[in-house]
Each structure stands twice: as C-alpha cells, then as structure tokens.
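The next block holds one structure in the form of structure tokens; read it before the comments.
Just so it is clear, none of the values below were taken in a lab; they were calculated from the coordinates. This is a predicted model, so every value here is computed, not measured. Note that each Cβ is placed from the backbone with ideal geometry, even for glycine, and that neighbours are counted across all protein chains shown.
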Amino acid sequence: MSEKRCKLCNKPYEHHYALFGRGCLENIYELLNFSKPSRIIWNKEMYLCTRIAWKNHKFFLNKKKKYALAQKYIGLNYLNKMNLDFLDDVKEKILKDIKNISIFSKNIKENISFALNDVYKLYNYSQRFDEIIEEFQNIKFEELDEKMAKNFIESLSFIFDKSKISNPISYAVFYSMQYTFWQVVIVGGLLANMKLSAKLLNNSLSPFGKEPSDLIIDDNETITSIIESEAFNKKINELIEKYGQDGRFVLNDYKNRDLLIRFANSDLLYALHDATMFVNAVKNEDNTWNLEIEINDTYDFTDFKNLKEYVDSNETGKDILKDIFSTVLNNLGVVSSEYGVLKIFEVKIKFDYTTEKKNMYKN
Ligand SMILES: [Zn+2]
C-alpha cells in the first residue's frame, strides 16, 4: 500500500483517515468553528465531511463528492482567513464549484482546481507576510534606519517569486502581498525623503485590472530640486552652447541623444531613470535665456539595474536609503511589473526657467 500523505500539510500519516492526519483534522475543526465531535464518533474525518456537506445544504452525497466538497470548502476558508485584497475572483470561482457539487452532478466540473496543500502553503506565506508587515508598522519613522529597512525588504523577498505567476490562486495571493508591500513602502517611511519617487510609485501601483493615468508634475518642490541639480544646469549650458547661436531654438525630438538627462539626486534618479528634456528657448536682450522645459519619461521597471553605479560618488546629500533604492527596490519593481502590480505610465514635468546672468554662456 502506498504511503498516505495529508492533503493539508502533505506530511505522511498512518491513521485510518482518507484525507488528513490527526493534527490537521483538529485544526480544520477549529478553522471551521465546528465543535469537537463526541468520543463515540469513530470516523471523525467522515463526520467532518458530512457536516461540511450539511452546512452547504447538500445531502446524500457519495463519499467521493463529499471529499471533493470538503477540500474545496476548507480551501475557501483558508483563503477567507487571509487578510488580502485581491482574492475575490478566485473565491467566487471556488464558490461556484462548491455549488456545482450535487447528488445529480455526474462529473465534478471545475472553474478552478487546486490542491489543498497549495492553498495551505499560501496561507502560511500570508501569515508570515502579515507578521513582518505588522512588525514593520510598529517601528517609528524617526527610528527607521537603513539596516531596519534592509531587513524588512529582505525578509519579504519571498513574495517576489516569479514562479507563482502561473497558478491563478498563487498569482492572486502574491499579487495582493506585493500590492500591500508597495503601499507600505510608499506610506511607511521608506520614501519619506523621496516625495517624487513616492508620488510616481503610488500612481504606478494600480488595483487589479486597472490602468494608471499619465501624470503631469508641476509642484514647486520637484521643480526646485531639478533647477538646483547639477545635471540640469550642465545640460542647459550644453544645449545653449550647441544650439543657441541664433538666439532661439526648439528641441523636441526623442531621438536626439543630446536631450537625455540623468540625475544624481537620489529622489530624481529613482523617479526618473532616463528622461528626455524638451526645450523651447529664447534669448533675452540681457543675454539671459527664457526656457520652456518639459521633461518626459516613461515610468517603468522593465530592466534590472544597478542604479548605484549611476549615482555621482561626489554627491553630498546623504540619503540613508540610497543603497536600497538604487538597486534592490528597483529590481523588486521589475518582478512586480511582471505581475502587473506596478504598471507603466508617462510622466511629464513642465516649468519655465530663466538662466541667471552669472551662468550665462559667453558671447
Ligand atoms: Zn496534515
């Protein structure tokens, strides 16, 4: 006789039951809020399956159907216990399958099939996930340092498992956990000093089946940090030098490599990896320039990157979390893009700018 394995935990057991080991059977009674069976009931497993059938208003089911129904119902109850956002669709399908089991049905038709052990594993993942998130939420913003942030992210790396995309139930569970993860990143202090990054990430994080809208950014804080950045000033000087002979120029071609701009400031770098800057420039009588600026970028996480390499090592402003953002979060973002948790959209940053006299290009 072949070894029996518990349908819930997959461990071998030697009891006379058909589906579960004794410990798991007890846990299932508890999960379903069923009172413990009295001692005189010899087959507590069959008794459980019968009670599940009654609870679903199904009577006189044969053994095979009872066992199938019990596993679907137990799986559904584990999914209900997971504190996750995007499981409704999966649950509905299981409910339909439960409805379809009757004394009249010839074959058991399934909208979604699953092994109970897989759902149980997902339940354990979600329990672990909840604990880590809760622990992190108890940290005060002021106390959050790089080590804590790293530990938090590393301890959750299991939710970025690409092999889970192919199964609809694990996909929904991992989608939900990643969705929560990014929400925590946005509001949990990890992006406290990176407002633009937080804003763009928030826009990219779209609920199940929804597409994000494109964004136009025109807040003073972002624009000031761009205007004050070395990358921007250098770029403007280069463009004026190259294109400014006639006192005016318009540059708005994505193919023009001169218009690529990459920032060293970590918020701008993380938010805009490789942006294109359009310029409409007119020279004033006092030799300053009026510039209409439009910075365009496609917000996406399609490439694994080592953004740290991009960051100018001379940069002064010390962001404690730079390491994390530069690479780890970006690469987790790549996985979440494949799941569709993070979606692509267009960003446009628009402002007018007048060069200062001291920065003026000679001539
Ligand atoms: Zn078991």
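Worth pointing out:
- For the chain, the spherically averaged projection of the C-alpha convex hull amounts to 24.6 nm².
- Applying Stokes-Einstein at 20 °C and 1.002 mPa s to the Kirkwood radius of the range 1-72, computed over alpha-carbon pairs, gives a translational diffusion coefficient of 169 µm² s⁻¹.
- Of Ala172, Met148, Asn193, farthest towards positive along the dipole that unit charges on Lys, Arg, Asp, Glu beta carbons give the range 119-204: Ala172
- Principal axes of the range 119-204: Cα extent on each, largest first, Å: 38, 26, 15
- Rel. contact order, % - alpha carbon contacts under 8 angstrom, at least six apart, the range 119-204: 32
- Length gained on full extension, Asn290 to Lys242, computed as 0.36 nm times the residue gap minus the Cα-Cα distance: 15.7 nm.
- Tail weight of P(r) past 27 Å, computed on alpha-carbon pairs of the range 67-221, percent: 37
- Note on the range 43-124: Cα-Cα pairs beyond 21 Å make up 27% of the total pair count.
- Counting neighbouring beta carbons within 10 Å and listing from fewest to most, the residues Lys235, Lys99, Lys72 come out as Lys99, Lys235, Lys72.
- Computed as a quarter of the hull surface, the mean projected area of the alpha carbon convex hull for the range 194-267 stands at 6.7 nm².
- 222 nm mean residue ellipticity, helices alone, for the chain (DSSP H n ≥ 4; -39,500 (n - 2.57); rounded to 500): -13500 deg cm²/dmol
- In this Cβ point-charge picture (+1 for Lys and Arg, -1 for Asp and Glu), the range 4-117 has a dipole of about 540 debye about its Cα centre.
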